[in-house]
Amino acid sequence: MLAMYEKQYINCNSCQLGMQLINTLIEVVQGPCKLNQKRLVEAKIIDCCRDLIQQGQQSQYELEVKGFVTTKQLEQHDMLKMSSIKLLLSIIEGPVDIEIYKQIADSLDDF
């Protein structure tokens, strides 16, 4: 679901929806719940977070096309990015799981 949102639906009007989706995923893995953390990693959620964080880094035009023009809209976009970073941190919290760390490192290696 996050992958579909990240690729198709991010715009200045849908940031709240994206943050709600990411916050729900954060709640699912906090505790920490190792099984849910592994499932999210297997579902390539790290790639989705990486792509979301990278949006707008190449050109301002990319953001303007999606409606992020005003300062307030850009702040919402930044909050969406911060939420995805919190999700990544939630995935790695708790007891050390080398497999999860390795998959995160592999996914973020070219970031």
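Within region 84-103, residues that are polar (S, T, N, Q) have Cβ atoms under 7 Å from residues that are open to solvent by 30 Å² or more (accessible area, probe 1.4 Å) and not in a helix (DSSP H, G or I) in these pairs: SER90/GLN30, counting only partners at least 6 apart in sequence or on another chain. Identification of helices (runs of 4 or more DSSP H) wholly contained in the chain with 3 or more residues that are out of contact with any Cys (no Cβ under 7 Å at 6 or more places or on another chain) and open to solvent by 60 Å² or more (accessible area, probe 1.4 Å) yields 15-29, 34-42, 60-65, 71-92, 98-108.
The values are calculated or read from the model by the stated rules, or taken from the named source; none is laboratory data. Predicted model only: the values in this text are computed from it and were never measured. As a convention, Cβ positions derive from the backbone with ideal geometry for all residues, glycine included, and neighbour counts pool all protein chains shown. SASA here: full protein model, heavy atoms, side chains in, ligands and nucleic acids out. Shrake-Rupley method; radii C 1.70, N 1.55, O 1.52, S 1.80 Å.
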